[in-house]
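Here the structure comes first, spelled out in structure tokens, and everything after it is commentary.
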Amino acid sequence: MITSLVLKSFQAHRQFEAQLEQVNTIIGPSDVGKSAIVRAFRWLAFNTPQGEAFIRDGDRRAEIRVEFDGHVVTREKGAGQNRYTLDEKEYTAFGTGVPVDVERGLQLAAINFQAQHDSPFWFAETAGEVSRQLNSIINLGVIDDTLRNLASVLNGARAEVRVLEGRVAEAKQARDEKRGIRRIDVALRKVETLQATATETAEKRSRMARTVEGVVTYRERAERASGAVLVAQTAVSAGLVWEQVQGARERLTGVVDRVRDLAERVFRPVPDLGDLEQLRQDAESRQKERSALASVVNLARSTGDRLRQAVELYEKTDREFTERMGKRCALCGQTIRS
């Protein structure tokens with residue numbers, strides 16, 4: 001309940017103070033500011049009228065201050081000020097409305113104000129207007145909203161019940177159908193067992209085919225190894241030739257030494273030109289022999305390289321054959337002799 005009122009520079013009132021009770025009567029002659037007091041309350045509760053026309057002439061700021069239920073609220077406007085204050089807390093950015101805390105504290109509505117020329121009783125109002133004002137007082141709209149919400153919830157629940165009933169019927173039908181599905185499931189499991197057995201047999205067959213293929217491959221390698229042995233034997237023969245060539249090379253070295261000795265003799269003064277001609281012919285003959293020996297040496301080196309490669313291939317093939325085949329043949333079971 002509002003217990004006190006202070007007005008400053010509001011219309012006809014430069015300074016007005018009053019202590020209020022539950023019921024208050026304002027009386028006085030015309031044009032002394034009775035309606036201004038009601039207008040000041042409306043300015044406080046609804047922030048209307050807008051503008052600054054209600055500020056007393058000659059003053060720059062208007063103010064209303066009230067106390068209610070242990071709280072103090074002040075409304076000020078003018079001279080660069082436009083604010084509400086509730087218990088020393090200021091509100092400035094409220095637009096054309098009223099701060100929520102102030103509105104909740106005052107709890108004033110249009111029905112709380114009675115102007116001088118308004119009808120004193122509701123009986124003078126229309127039924128619709130009386131209903132509207134009753135709704136604004138006791139908030140009957142909440143009941144209507146609650147009833148609408150309950151109706152909406154009820155309709156939704158009924159729809160959900162219909163959906164659930166349909167699902168129950170479908171579940172019962174599915175249950176009846178599953179009785180036949182169980183028999184099909186037993187037959188399907190038997191088919192899956194047979195399929196697993198067939199898959200295992202196919203895998204065994206595939207492994208056996210790979211084993212046979214490996215045996216054929218090893219046989220081909222063995223045949224190639226036999227050919228490699230022949231090549232090795234040829235290489236051994238070539239090695240013997242190479243040793244002979246080495247002996248010829250040593251002998252050729254001795255010949256070269258003799259040729260060098262003869263060359264030295266060529267550059268020596270000789271009295272007889274016939275001996276010199278013979279030495280030249282001997283040197284040319286030795287040169288031809290040296291070229292022939294060089295060709296033989298190159299052939300021997302090439303033959304030796306091929307021999308080594310053939311021996312390495314044979315050893316590698318023999319190792320792989322032994323590792324894969326073991327000591328017994330996979331086909332006949334006899335011991336393999338290396």
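The values are calculated or read from the model by the stated rules, or taken from the named source; none is laboratory data. Just so it is clear, the model here is predicted, and its values are computed rather than measured. Here Cβ is always computed from backbone atoms with ideal geometry, including for glycine, and neighbour counts include all displayed protein chains.
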Number of positions in segment 51-76 that are assigned to a strand (DSSP E or B) and either of a type in the set (Val, Ile, Thr) or touching a Lys or Arg at 6+ places or on another chain (Cβ under 7 Å) (or both): 9
Unmet criterion (only one of (1) in a helix (DSSP H, G or I); (2) over 21 Å from Val102 (Cβ atoms); (3) at pLDDT 90 or above; (4) not charged (D, E, K, R)) for Ile37: (2)
Exclusive hit being farther than 30 Å from Asn135 by Cβ and of a type in the set (A, V, I, L, M, F, W, C), set Ala109, Ala40, Ala45, Ala93: Ala93
Close pairs (8 angstrom Cβ cut-off, 6 or more residues apart or separate chains): within 16 Å of Asp261 (Cα to Cα) and at pLDDT 80 or above in segment 281-295, surrounded by 12 or more Cβ atoms within 10 Å (Cβ to Cβ) and of a type in the set (Ser, Thr, Tyr) anywhere: none
Which numbered condition Ala79 fails, given (1) of a type outside the set (Val, Ile, Thr); (2) under 60 Å from the mean Cα position of the chain (by Cα); (3) surrounded by 12 or more Cβ atoms within 10 Å (Cβ to Cβ); (4) over 21 Å from Met1 (Cα atoms): (2)
Test: residue in segment 79-88 that is acidic (Asp, Glu), in the same structural domain as Leu7 (by TED's automatic domain parsing) and modelled with pLDDT of 90 or more: yes
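A quick yes/no check of all residues on (1) more than 24 Å from Ile111 (Cα to Cα); (2) touching a residue at least 12 places away in the same chain (Cβ under 8 Å):
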residue: Lys34; (1), (2): no, yes
residue: Arg56; (1), (2): yes, yes
residue: Gly78; (1), (2): yes, yes
residue: Leu86; (1), (2): no, yes
residue: Glu90; (1), (2): yes, no
Test for Phe16: is it in the same structural domain as Phe94 (by TED's automatic domain parsing), assigned to a strand (DSSP E or B) and in contact with a helix residue (DSSP H, G or I) (Cβ under 9 Å, 6 or more places away or on another chain): yes
Scope segment 203-216; condition modelled with pLDDT under 75 and farther than 13 Å from Arg324 by Cα; matching residues: Arg205, Met208, Ala209
